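A.B. asks: First the structure, which I've put down as structure tokens, then a few questions once you've had a look.
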Amino acid sequence: MGSKRRHWAWAAAPLAPALLATGCVSTSSAGAEPKPVPSTSAARSVARVCANPTAGPAKAPTGAVTVDPAVAGDLAAKTQSNPPNTTFWLRPGKHRLDPNRYAQVIPKKGNRYLGAPGAVLDGGKKNQYAFGGSARNVTIRHLTVQRFVAPPDEGVVNHDSADGWVIEHATIQNNSGAGLMAGAGQQVRASCLRDNGQYGMNAYKSTGRITGLVVEGNEIVGNNTGDWERRRKGCGCTGGIKFWAVNGADVRGNWVHDNRGTGLWADTNNNDFRIENNVLEANDGAALIYEISYNAVIRNNTIRRNNWVEGRRAAESGDSFPFATVYLSESGGEPRIRARTDKIEIYRNVLEDNWSGITLWENADRFCNSPANTSSGDCTLLVKDVHRCAKPAIATAPLYADCRWKTQRVDIHDNRFVLDKSVVRCTEKCDRMAVLANYGTYPDWSPYKGEKVAEAITHKQHNRWHDNVYLGPWKFVVLDQSRVVGFGQWRSMSFRQDAGSTLAPRAGG
């Protein structure tokens, strides 16, 4: 699988106990007295499943095949010798496969794998894959899968992205590559995806699109232990979870925290996402990136203390790009693509003490068939043949519009943005909200040269902030990264943003 990456440099070049969100007292316009407003975010529940995993059955269910940890390769052998729709119960203890690096379990359709309390499938840092093959509707519950050494961009559980798998109450930890892959209709619930080398989950399918993905009530923590963004600079190949070409996903009630890099990253022709009721915190990079993708609802999330590492690193290097904790890159609403919404709506979230807020970005030089498109070979969902996006046709309708992934129809409202610079430990560049593009220059046949895209994303593509609450010294970046304005100018006739919103200073700001 080839890695695909947005490049920031284009700018310059069962749920556990609740964690409480911030309080619900807001303020009126700058300088006015505080006023109470309805809370935009109730108490948040987080999935503390890594510390408190739900135990599996202590006895083998009726009719189940018992797997013995004392016999190396017993699980794979019994899977092979039994028919589809068999239930396997793994006894307590450490289960191993044969020492061959390619040894793995190849389930049959409808198989169910249940771990007893203390059941662990251990790759011994020798086996690459735990569960593979193309069988549909496989279930894995109450099992710890650890110490497998999948290659980069490959996964340990559901290695071949088969459809209809259910992973529940599982712990997938300390593996190389991705803890698991995803197929259509996959459900990942109440599981711990922890300390994997590249991704907790890589939702990628080499043929066809993933549809109907559910990720609910999981703890996704400490992934990208291999620090792949440093090893492959600009690879875009990490995240707590990375989503590629997923059509329809519900990502809800997860605790995504302390990942090295981005928490959740949807990259390349994803569509119809609902990202709601999650707690996204203390990730080194952005909490959420939605890149060259379409149509999403992002609501009722608590997002705090993200992007301190990557944002600070960029600022200290002199980069003036508004690195944000929620970053939309060439992504927007598109009514012509079927989804549960025809825009990207971001509302009723609490964003507290992150490195900056929300950035809407569009790279003027990134479009189908452009050498500057880091997702090379891909085109928008509106144009099937990337080679159609060439001169002279690209300069006229409909290709002029349809060959671009556009940041458009983004509606940001009823959120609470809180920033205390003494908490973030910054003096500048951590206080930005932004809508901008670069000056188009490349390639020489591009019809998007100059300020066309910057003008469009700022004024013409229906991107709108309104009815938000700001606490802290917020600034706003418009058109390009050199234009930083205050709240009054942001709301003026020039930009007409944040009607009905309020801003007030906060201690430490």
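The values are calculated or read from the model by the stated rules, or taken from the named source; none is laboratory data. Keep in mind it's a predicted model, so treat the numbers as computed, not measured. Cβ sites come from the backbone with ideal geometry, for glycine too, and all protein chains shown count toward neighbours. Each accessible area value is taken on the protein alone, full model and side chains, heavy atoms only, with ligands, DNA and RNA left out. Shrake-Rupley method; radii C 1.70, N 1.55, O 1.52, S 1.80 Å.
A.B. asks: Where does the stretch 84-190 land on Rg/Rh, using Cα atoms and the Kirkwood Rh?
C.D. replies: 0.92
A.B. asks: For a quick check of your reading of the filter: which chymotrypsin sites (Phe, Trp or Tyr not before Pro) in the stretch 362-461 sit in a DSSP loop and have no more than 14 other Cβ atoms within 10 Å?
C.D. replies: The qualifying sites are TYR439, TRP445.
A.B. asks: Give the carbon-plus-sulfur fraction of the accessible surface of the stretch 65-504 in %, rounded to a whole number; probe 1.4 Å, heavy atoms of protein chains only.
C.D. replies: Of the solvent-accessible surface of the stretch 65-504, carbon and sulfur hold 47 percent.
A.B. asks: If you keep only loop residues by DSSP, which trypsin sites (Lys or Arg not before Pro) in the stretch 355-408 have at most 11 other Cβ atoms within 10 Å of their Cβ?
C.D. replies: For trypsin sites (Lys or Arg not before Pro) across the stretch 355-408 that sit outside H, G, I, E and B with at most 11 neighbouring Cβ atoms in 10 Å, the list reads LYS384.
A.B. asks: Using the beta-carbon distance between ASP385 and ARG336 and R0 = 25 Å, what value does 1/(1 + (r/R0)^6) give for FRET efficiency, to the nearest 0.05?
C.D. replies: E between ASP385 and ARG336, to the nearest 0.05, is 0.90.
A.B. asks: Based on the Cα gyration tensor of the stretch 113-269, what are the three equivalent ellipsoid semi-axes, each the root of five times an eigenvalue, rounded to whole Å and given largest first?
C.D. replies: 20, 18, 15
A.B. asks: Could you tell me what % of all Cα pairs in the stretch 365-509 have separations over 26 Å?
C.D. replies: Above the 26 Å cut-off, the stretch 365-509 has 38 percent of its Cα pairs.
A.B. asks: Heavy-atom accessible area of ASP195 with all protein chains present, probe 1.4 Å, nearest 10 Å²?
C.D. replies: Result for ASP195: roughly 60 Å² accessible.
A.B. asks: Moving on. Output the peptides 252-265, 100-113, 51-64 sorted from most to least packed, where packing is the average of other Cβ atoms within 10 Å over each peptide's residues.
C.D. replies: Descending packing order for the listed peptides: 252-265, 100-113, 51-64.
A.B. asks: While we're here: Can you order the peptides 67-79, 345-357 by their average number of other Cβ atoms within 10 Å per residue, highest first?
C.D. replies: Per-residue Cβ counts within 10 Å, averaged per peptide and sorted highest first, yield 345-357, 67-79.
A.B. asks: Same structure, new question: What is the dipole size for the stretch 65-504, taken about its Cα centre, with +1 at each Lys and Arg Cβ and -1 at each Asp and Glu Cβ, in debye to the nearest 20?
C.D. replies: Computed about the Cα centre, the dipole is about 560 debye.
A.B. asks: Using only DSSP helix segments of four residues or longer, with each worth -39500 (n - 2.57), what per-residue ellipticity at 222 nm results for the chain after dividing by its residue count and rounding to 500?
C.D. replies: -1500 deg cm²/dmol
A.B. asks: Another one. Which of ILE457, TYR327, VAL188 sits farthest toward the positive end of the charge dipole of the chain, with +1 on the Cβ of Lys and Arg and -1 on the Cβ of Asp and Glu?
C.D. replies: Most positive-ward Cα: VAL188.
A.B. asks: Would you mind counting up the charge near TRP89? Only other residues with Cβ under 13 Å from its Cβ, with Lys and Arg at +1 and Asp and Glu at -1.
C.D. replies: In short, +3.
A.B. asks: Quick one: in the stretch 65-504, what % of C-alpha pairs are over 30 Å apart?
C.D. replies: 44
A.B. asks: Taking the Cβ-Cβ separation of SER81 and ASN52 as r and a Förster radius of 41 Å, what is the calculated FRET efficiency to the nearest 0.05?
C.D. replies: Efficiency for this residue pair is about 0.70.
A.B. asks: Checking the a/c ratio against 1.5 first, then a/b against b/c, what shape does the Cα gyration tensor give for the stretch 53-134?
C.D. replies: Taking the square roots of the gyration eigenvalues as a ≥ b ≥ c, the stretch 53-134 is oblate.
A.B. asks: Treat each spin label as a single point 7 Å out from the Cα along the C-beta direction, and report the LYS126 to HIS459 distance in nm.
C.D. replies: 6.8
A.B. asks: Also: Taking a ≥ b ≥ c as the square roots of the eigenvalues of the Cα gyration tensor of the stretch 89-145, is the shape rounded (a/c under 1.5), prolate (a/b larger than b/c) or oblate?
C.D. replies: Here the stretch 89-145 falls in the oblate category.
A.B. asks: To continue, here is another question. Under a no-solvent Debye model with one identical scatterer per Cα of the stretch 319-365, what's log10 I(q)/I(0) at q = 0.22, 0.25, 0.30 Å⁻¹?
C.D. replies: -0.91, -1.02, -1.16
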